[in-house]
1. Would it be correct to say that A:T198 is touching a helix residue (DSSP H, G or I) at 6+ places or on another chain (Cβ under 7 Å), surrounded by fewer than 23 Cβ atoms within 10 Å (Cβ to Cβ) and away from chain B (no Cβ under 14 Å)?
2. Can you confirm whether the range A:83-92 contains a residue that is of a type outside the set (K, R) and touching a helix residue (DSSP H, G or I) at 6+ places or on another chain (Cβ under 9 Å)?
3. Only residues that are assigned to a loop (DSSP other than H, G, I, E, B), facing chain A (nearest Cβ under 7 Å) and either surrounded by fewer than 21 Cβ atoms within 10 Å (Cβ to Cβ) or hydroxyl-bearing (S, T, Y) (or both): list them for the range B:52-85, please.
4. Take the residues in the range B:86-120 that are among the polar types (S, T, N, Q) and buried (at least 17 other Cβ atoms within 10 Å of the Cβ); name whichever of them is nearest to the other protein chains (Cβ to nearest Cβ).
5. Of these, B:I282, B:I260, which one is surrounded by fewer than 18 Cβ atoms within 10 Å (Cβ to Cβ) and part of a strand (DSSP E or B)?
6. Which numbered condition in (1) in a strand (DSSP E or B); (2) surrounded by fewer than 21 Cβ atoms within 10 Å (Cβ to Cβ); (3) in contact with a helix residue (DSSP H, G or I) (Cβ under 6 Å, 6 or more places away or on another chain) is the only one that B:K12 fails?
7. Would it be correct to say that A:A28 is without any contact (Cβ under 8 Å) to a residue 12 or more places away in the chain, small (G, A, S) and more than 30 Å from A:S92 (Cβ to Cβ)?
8. Could you please let me know if A:S245 is among the hydroxyl-bearing types (S, T, Y), in the same structural domain as A:A346 (by TED's automatic domain parsing), surrounded by 13 or more Cβ atoms within 10 Å (Cβ to Cβ) and at pLDDT below 95?
Amino acid sequence: MKIVIHFIKKEFQQFKRDPKMFAMVLIAPILQSIILGYAANLDINNINLIVFNQDQSRLSRDYIDKFTHSGYFTITKDVNSYDEMTKDIAASKALIGIVIPRDFEKDISNNRTSHVQILVDGSDGNKGSIAFGYTQGVTSNFSQQIILESAARRGIKTSAGSITPEVRIWYNPELKTRNFMVPSITALILLLTTTLLTSLAVVKEKELGTLEQLIVTPIKPWQMVLGKLIPFVILGFATMALVNSIMIFWFGIPIRGSIIFYLFSSFLYILSTLGLGLFISTISKTQQQAMMVSIFGAMMPMIYLSGFAFPIENMPKIIQYITYAIPMRYFITIIRGVILKGIGFADLWREALMLFIMGITILFLSSLRFKKRLE
Amino acid sequence: MEQIIQIENLEKSYGTIHAVQNISLSINKGEMFGLVGPDGAGKTTTIRILCGLLLKDSGDVKVVDKDISKYRKEIQKSIGYLSQKFSLYGDLTVDENMEFFAEIHNVKDYKERRDELLEFTRLKSFRSRLADKLSGGMKQKLALACSLIHKPQIIFLDEPTTGVDPVSRRDFWKILSGLLKEGMTIFMSTPYLDEAERCNRVALMNAGKIIALDTPQKIKEHMDNFVVEIVCTPVRKAYELIKGITELEVQMFGDRVNVIVKNYEKEIPVVKKLLEKNSVEILDNRIITPSLENVFMHLIKEAS
């Protein structure tokens, strides 16, 4: 064990001399947090709207006012021709265009249905469908209001009961993408330090020939593995502390659940990421190779298939099955559960167990391969 | 004499390449042993097997009286290894490198030993310099110092002076003679025959086999042919003529060729005639004592 400690001491002496690595370890998490905290924003609270109001009546203006009062829409322009509207939508000046027909008020006052055309820029499907949903909401509210008013005018008492939803949004009451994304950065940062940096560090020794020098010493392979991995575990947890501080103090997202369980499952998670790093180091001859394999072979699939970037429920069934093999998937579930929902071991033990099983297996097999490679 | 390394019928192949073919040899305690041979002869493979860096295919290898297949880690406590390539931590200082290698060898009070070695290798004034910032020769001396920190019984050197400047090379050899005086066993491979001459015993390796094994002196005496040195011009033309037309073995060195002959009186006049006829000017010719180089080139030729 003493030899392992000496080895770790050497690793830190080397960290000290490698400013690039420090930059990577310290700046990357900060940058990631800022990017994902501010830029990766799927929230839609400002939809640009163009109106082609051919009716210019009181009722049509009331209708348009409903949009502006809803808080989601900004009217960028009142246009006078259909062509102008289509041009603006094509130029992305507006997401939604509303065409109000000439007889809007007349039709409604004569108890006829008026048809309003809604044009939606669907090039960003997600944004388009959200905007369309809001538009529909505003429109149906307005039409309900008209019915009630006309009934009241005619002295009809509407006796029919109705439903009003009283919505309570849990876990992320402001429905902010940020609250969903920022906590998961921990998974990404740990992946970066424990897979990419670890594989680079081991391959570096191979490239330099120091690995060979080490093999000729009495140091045993398991001591070398521990000596090489533990510094990156420490580094990983240090960056994790940094990212989580940014999350709590800058973005104001508290950890609702048990920090102990959070740390414990992070540890289970890095068993597999360290194992992957070690495995990559056994198949790469140069640092460049290790970098490529880490990024394309480990990080990209993890990011895309873990639910970090895209919801797993929206993936085709076959790909959903593949995600079960992605350790980060379980960790992301745990992170979001602990931080946003405040749930813990009782609800997340399956994910923790999966991380444990995968971690032990990957790390064990990689160590075995690493050991074999040394001989 | 006490033997410290015993190799019997050692074999190693990489796929279809037979790198080491059935070699047997033993090294005496306290001797400087040289493994000589051209590139690809199997020198590095042999050293790597002896250090436990490579697994042998078959044969018996005993180092410090222990079987390498069973007691690899035990053996590695009492050997030092210096690889062909500089393989220390460039981002650690001279002191830190030595400290690290002392610690992983479990050497407790290494400070004194370290100072002694730094003194010995004349690196003391560079002790806080990063290893990457040292010159080639100094790097090699540092690597040697690191491999000596745990006072090994044997030190394996794989072409230690390849790519090292002449001054550092001389320094390096001085250090090695110092070690030898202390009773250390040195096992080295080298492509340089002048270095081989300084070894107590040498083995010539070619294509995975040992084709000669003795003291440099004995190997030279073993040559029962004459080596005739002919200084002539143009030398390349002479070389090609002798090689192409006569059956004799000829080696070219700078401004002269060495012809190996069995019968001086009979064969040399033929050669001279051939050269004169083809307008090669002979400046001098005489029988010389064969150098190690002559013998090795001769043996390699015979072997192939």
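1. Values: touching a helix residue (DSSP H, G or I) at 6+ places or on another chain (Cβ under 7 Å): yes; surrounded by fewer than 23 Cβ atoms within 10 Å (Cβ to Cβ): no; away from chain B (no Cβ under 14 Å): yes.
Considered against the rule, which asks whether it is touching a helix residue (DSSP H, G or I) at 6+ places or on another chain (Cβ under 7 Å), surrounded by fewer than 23 Cβ atoms within 10 Å (Cβ to Cβ) and away from chain B (no Cβ under 14 Å), A:T198 comes out as no.
2. no
3. Within the range B:52-85, B:L55, B:S83, B:K85 meet the criteria.
4. Initially, the range B:86-120 is screened for residues among the polar types (S, T, N, Q), giving B:87, B:93, B:97, B:106.
Checking which are buried (at least 17 other Cβ atoms within 10 Å of the Cβ) leaves us with B:87, B:93, B:97.
Values: B:S87: 3, B:T93: 9, B:N97: 9 Å.
Selected residue: B:S87.
5. It is B:I282.
6. (2)
7. Considered against the rule, which asks whether it is without any contact (Cβ under 8 Å) to a residue 12 or more places away in the chain, small (G, A, S) and more than 30 Å from A:S92 (Cβ to Cβ), A:A28 comes out as no.
8. Working: among the hydroxyl-bearing types (S, T, Y): yes; in the same structural domain as A:A346 (by TED's automatic domain parsing): yes; surrounded by 13 or more Cβ atoms within 10 Å (Cβ to Cβ): no; at pLDDT below 95: yes.
The answer is no for A:S245.
The values are calculated or read from the model by the stated rules, or taken from the named source; none is laboratory data. Note that the structure is a prediction, hence the values are computed from the model and not measured. All Cβ positions, glycine included, derive from the backbone under ideal geometry; neighbour counts span all protein chains shown.
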